[in-house]
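The values are calculated or read from the model by the stated rules, or taken from the named source; none is laboratory data. As the structure is a prediction and not an experimental result, all values here were calculated from the model. Cβ atoms come from the backbone with ideal geometry, glycine included; neighbour counts cover every protein chain shown. What goes into the accessible areas is simple: the full protein's heavy atoms, side chains included, and nothing from ligands, DNA or RNA. Shrake-Rupley method; radii C 1.70, N 1.55, O 1.52, S 1.80 Å.
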Amino acid sequence: QVQLVESGGGLVQAGGSLRLSCAASGRAFSGYAMAWFRQAAGKEREFVAGINVRGDTTYYGDSVKGRFTISRDNAKNAVFLQMNSLKPEDTAIYYCAAKAYIFTPTPTDYNYWGQGTQVTVSS
């Protein structure tokens, strides 16, 4: 069982940066692949970024490649999303998610979810 709590969202102007954090509690965090998803109003949940259990392989959605960076600190049970060059279309609720072992970009494969943090990018 893993509990996830996101933080770091807020309002930022286009071109700005935000850093999201996800604190995990529970057992064996290092055995979980982690991912960030987002959901904008009226749209389906979208894969943003993912990271394998060791933290040495990362994955990104096409819309954020080159702008966002995911990382994790297994010693601190945390995963991060550094978001640079933000655009108004990045506005969404951002969710941290965990699944055992193998990364996938499919939201329905994830067992554990945080409550989400709102990111709003103004033009």
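Which of the strands (runs of 3 or more DSSP E) found entirely inside the stretch 8-80 contain at least 3 residues meeting this: open to solvent by 30 Å² or more (accessible area, probe 1.4 Å)?
18-26, 58-60, 68-73
Pairs under 6 Å by beta carbon, first residue in contact (Cβ under 8 Å) with a residue 12 or more places away in the chain and closer than 19 Å to Met34 by Cα in the stretch 66-95, partner of a type in the set (D, E, K, R) and open to solvent by 60 Å² or more (accessible area, probe 1.4 Å), six or more apart or different chains?
Taking only residues 6 or more apart or on different chains, the pairs are Gln82/Arg19.
Which ones in the stretch 81-123 are basic (Lys, Arg) and open to solvent by 50 Å² or more (accessible area, probe 1.4 Å)?
If the condition is that a residue be basic (Lys, Arg) and open to solvent by 50 Å² or more (accessible area, probe 1.4 Å), then Lys87 is the only one that fits.
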